[in-house]
Amino acid sequence: MSGSDSAGHPDAPDAPSERVRALIRSVPGFPRAGVSYKDITPLIEDGGGMRLAVDALAQAIDAAGIEYDRIVSAEARGFVFGTALAYRARRGIVLARKPGKLPRETISASYDLEYGSDSLEVHADSIPPGARVLVADDLLATGGTARAMCRIVENAGGAVAGAAFIIELGYLRGRTLLDPYKTVSLVNYEDPSE
């Protein structure tokens, strides 16, 4: 979501997002100095926390009016939440992988990270023309990974229905790369020291 919408927006405090935030561990200086890594492993190791995060994100997606036929998620942590959302919604999931990991013909998009660059690929036949696809990942940082998934969807002839994230690093303003798509997140960090 963008602007003043409240459901799933980082400015909308609620109990589920605060409980999810409590299960995310900040690791200063990883993977390099100046970065505060958001470790989701405590969240996914906690069955109740994982269920709460998936259910709350699904509710934010619904509240934003995002309707979709499939989900695309990037490896590896994105697969965790993308698969859970797909299962809950009874939708298929498209796996966006690093180059050379998929066995059939692929389409790809490159992107910049907050500390490097990379590419993602999906099977060329995994997104039917006209399919409405939700981009889902664990983290929205600079927006490069999510934007690459959007380009892949559009290059395949699909339409980006919206984007959903457990964590948003709001201070990096990655959401701006996702305009005009509806974008939701559960936990927002506006201060890099958090």
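Give me a count of the residues in the range 94-144 that are surrounded by 12 or more Cβ atoms within 10 Å (Cβ to Cβ) and part of a strand (DSSP E or B).
Selection size over the range 94-144: 26.
Is one or more of the residues making up the range 152-164 part of a loop (DSSP other than H, G, I, E, B), in contact with a helix residue (DSSP H, G or I) (Cβ under 9 Å, 6 or more places away or on another chain) and over 28 Å from residue 39 (Cβ atoms)?
Initially, the range 152-164 is screened for residues part of a loop (DSSP other than H, G, I, E, B), giving 156-158.
Keeping just the survivors that are in contact with a helix residue (DSSP H, G or I) (Cβ under 9 Å, 6 or more places away or on another chain) gives 158.
If we keep only those that are over 28 Å from residue 39 (Cβ atoms) as well, we get 158.
Looking through the range 152-164, at least one residue is part of a loop (DSSP other than H, G, I, E, B), in contact with a helix residue (DSSP H, G or I) (Cβ under 9 Å, 6 or more places away or on another chain) and over 28 Å from residue 39 (Cβ atoms).
Restricting the search to the range 25-40, which residues are of a type outside the set (A, V, I, L, M, F, W, C), farther than 15 Å from residue 142 by Cβ and surrounded by 12 or more Cβ atoms within 10 Å (Cβ to Cβ)?
Across the range 25-40, the qualifying residues are 25, 26, 39.
Restricting to the range 42-56, name every residue that is surrounded by 12 or more Cβ atoms within 10 Å (Cβ to Cβ) and either assigned to a helix (DSSP H, G or I) or at pLDDT below 95 (or both). Show your work before the answer.
So in the range 42-56, the residues surrounded by 12 or more Cβ atoms within 10 Å (Cβ to Cβ) come out as 42-44, 46, 49-56.
Correct list: 42, 43, 44, 49, 50, 51, 52, 53, 54, 55, 56.
Checking residue 98 against (1) free of Cβ contacts under 8 Å to residues at least 24 places away in the same chain; (2) among the basic types (Lys, Arg); (3) within 16 Å of residue 181 (Cβ to Cβ): exactly one of these is not met. Which one?
Unmet condition: (3).
Quick one: what pairs do we get from the range 135-146, first residue under 18 Å from residue 53 (Cβ atoms), second among the basic types (Lys, Arg) and outside any loop (DSSP other than H, G, I, E, B), C-beta under 8 Å, 6+ apart or different chains?
Pairs that qualify, where the first residue is under 18 Å from residue 53 (Cβ atoms) and the partner is among the basic types (Lys, Arg) and outside any loop (DSSP other than H, G, I, E, B), are 137/77; 138/77; 139/38; 139/77; 140/175.
Sort through 162, 170 and tell me the only one that's within 14 Å of the chain's Cα centre (by Cα), over 17 Å from residue 66 (Cα atoms) and not aromatic (Phe, Trp, Tyr).
Values: 162 fails: over 17 Å from residue 66 (Cα atoms).
That would be 170, the only listed residue that is within 14 Å of the chain's Cα centre (by Cα), over 17 Å from residue 66 (Cα atoms) and not aromatic (Phe, Trp, Tyr).
The values are calculated or read from the model by the stated rules, or taken from the named source; none is laboratory data. It should be emphasised that the depicted structure is a prediction, and the values quoted were computed from it without experimental measurement. Because the Cβ atoms are built from the backbone with ideal geometry, glycine has one as well, and the counts that use them run over all protein chains shown.
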